[in-house]
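Below you'll find the structure, written out as structure tokens, and then a few comments.
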Amino acid sequence: MAKDEQLQVLSMLDAAKTQFYHFTAVVISGMGFFTDSYDLFCISLVTKLLGRIYYHVEGSAKPGSLPPNVAAAVNGVALCGTLAGQLFFGWLGDKLGRKGAYGITLMLMVGCSIGSGLSFGSSPTSVIATLCFFRFWLGFGIGGDYPLSATIMSEYANKKTRGAFIAAVFAMQGFGILAGGMVAIVVSSIFRAVYHADPYSVDPIGSTVPQADYVWRIILMFGAVPAALTFYSRMKMPETPRYTALVANDQNKARQDMAKVLNVEMKEQQEVAHAQPQNNRSSKFALFSKKFLKRHGLHLLGTASTWFLLDIAYYSQNLFQKDIFSAVGWLPSASSMSALDELYKIARAQTLIALCGTVPGYWVTVFLIDHIGRFAIQLIGFFFMTAFMFLLAIPYHHWTRPENNIGFIVIYGLTFFFANFGPNSTTFVVPAEIFPARFRSTCHGISAAAGKAGAIIGAFGFLYASQNQDKSKTDAGYPPGIGMRNSLIVLGVISILGFFFTFLVPESKGKSLEEMSRENEDEGDDQVQPNRIEVTV
């Protein structure tokens, strides 16, 4: 494909006004993220219930709880699968095309959401083993959605509103977290109304009704619904014109794909007299070659390190909200509730945090990202995450008093707001904008996988670290930890590191993907010739 012809295709995409298809792509890609977050975070709602059902200890003063190794596996196995899926599908998205790998991820999510709820067997070992098996492969499908959805949205969007559209895809994650809490509230309320149970302190056996085993299965299987609803639409999406033009080198197909979905028409004003072949010197350097590292090495380090540090803090907070709420006394003691009462109150607390802090943070980013830029939002987010973590941690004993619980919850909710109006959104957006098309999906996958490595550290590390320093006050089976206060201080320090690593990440606001990735450098002339085209909408 000739150089000038290629630039015509890219200019059409950059100049095209915001159209109906851009919103359609947000919904189609975003429902994948709705499903992703629902599936990843709904497990934290039901772990207490799983402990009561399958690990009850006769005569114990406390309800059953998952043993440390089981709790770590149940919470972390999906994250391990997600990491693997991000690397694999990121690579596959550059090799086969964005669309080619997109349907596979959705099929995995649908099938494994259902499988997670079925979790064959009745013994604790068989149920947990099959649950972990399906959640690993569920995570593998979820992982593929990260690089593919981000790349697809970035390659369709114009340069003026690209950040908002990529952020909007990711913002669907907030609705997924919210939906998880709401589904748990509805299901637990129905079962509580039909099957009455006394608190554990009154009736240890009867406090967990046999029908509670259906509750966690229904909650997990519901994750298949939104994914299944968008499967047909996802399969109908054409390949992104940028991939077709820059990687597959098929100009005609790129134009055809644009004609299907974007209301743009290009009229050539002058024929190109001497077309230059697309296979230029720039396209010859490989991933992790010296030229790649010189151009993009620090950028990849920046996107991967900030995502890694962010997810340690973010997943520590999100997966173990119930433990934090219990530690400060916002939730009653487990023994004073039945199993379904506990699930209901945990879900209600997490839904409130999602509604007041998580969801608004995502959408403030959507509205502001193309005005104040990615860099500023990420710095603001890390700064306030740090400030609020220390504000919670340093006077921690003050917050544990019952009269101060509301203040704790407000500040805790603000840490979620600034995580999402901050690095949780921008770390997803930027890797889809700053790397060359032939490496874009792979580099996004690498950055996202670094994030999930941080999430795994958060999921496993916080579980142990937050245990009370007094052995007599730790959860059953856990060694003493550093305590909740010191754990929050550690998360604050991690947020400080994220603030400084942000300076490795370039600002991409208002710039074309090719300008950020230096896609067309070394093509004989460093000065890009103006395109002789007219774009009409």
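Values in this text are rule-based calculations from the coordinates and carry no lab data. Only a predicted model underlies this, so the values are computations on that prediction, with no experimental measurement involved. Virtual Cβ from ideal backbone geometry, glycine too; neighbours counted across all protein chains shown.
Points worth noting:
- Size of charge dipole - segment 421-518 - debye, nearest 20, with Cβ of Lys, Arg +1 and Asp, Glu -1, no other charges: 80
- Inter-label distance, K291 to R401: 6.6 nm, where each label sits 7 Å from its Cα along the C-beta direction.
- For segment 189-198, putting each phi into the Karplus relation 6.51 cos²θ - 1.76 cosθ + 1.60 with θ = phi - 60° gives couplings of 5, 4, 5, 5, 5, 7, 10, 6, 9, 7 Hz, in residue order, rounded to whole numbers and with x for Gly and Pro.
- Averaging the sequence gap over all C-alpha pairs within less than 8 Å and six or more residues apart, then dividing by the number of residues, gives the chain a relative contact order of 25 percent.
- Contour excess over end-to-end distance, with Cα ends at K95 and Q469 and 0.36 nm allotted per residue: 129.6 nm
- Rounded to whole numbers, the Karplus 3J(HN,Hα) couplings from phi for segment 389-400 are 4, 5, 5, 6, 7, 5, x, 4, 5, 4, 6, 6 Hz, using 6.51 cos²θ - 1.76 cosθ + 1.60 with θ = phi - 60°, and x at Gly and Pro.
- For the chain, the dipole from Cβ point charges (+1 on Lys and Arg, -1 on Asp and Glu) about the Cα centre works out to 280 debye, to the nearest 20.
- For the chain, the longest piece that avoids every one of the chymotrypsin sites (Phe, Trp or Tyr not before Pro) found in DSSP loops with at most 15 other C-beta atoms within 10 Å covers 289-537.
- Estimated inter-spin distance, A129 and L504, nm [label 7 Å along Cα→Cβ]: 4.2
- Summary: within the chain, the longest segment free of trypsin sites (Lys or Arg not before Pro) located in DSSP loops with at most 16 other C-beta atoms within 10 Å is 161-510.
- Across every pair of non-identical alpha carbons in segment 173-237, the mean reciprocal distance, once inverted, gives a Kirkwood radius of 14.0 Å.
- Subtracting the Cα-Cα distance of E58 and L355 from 0.36 nm times their residue separation leaves 103.1 nm of extension gain.
- Both radii are taken from the alpha-carbon atoms of segment 402-515; with Rh as the Kirkwood radius, Rg/Rh is 1.09.
- Using only alpha carbons, segment 18-165 has a radius of gyration to Kirkwood radius ratio (Rg to Rh) of 1.10.
- Length gained when the stretch K236-D203 is fully extended (0.36 nm per residue, less Cα-Cα span): 6.4 nm
- From phi via Karplus (6.51, -1.76, 1.60), per-residue ³J(HN,Hα) for segment 374-388 in Hz, x at Gly/Pro: 5, 4, 5, 4, 5, 5, 4, x, 4, 4, 6, 4, 4, 4, 6
- Förster radius 22 Å - calculated FRET efficiency between V493 and A376, Cβ distance, rounded to 0.05: 0.45
- Each 5 Å bin from zero holds the following percent of Cα-Cα pairs in segment 125-211: 3, 11, 11, 12, 14, 14, 11, 8, 6, 5, 4, 2, 0.
- Computed [θ] at 222 nm, deg cm²/dmol, the chain (DSSP H ≥ 4; -39,500 (n - 2.57); rounded to nearest 500): -22500 deg cm²/dmol
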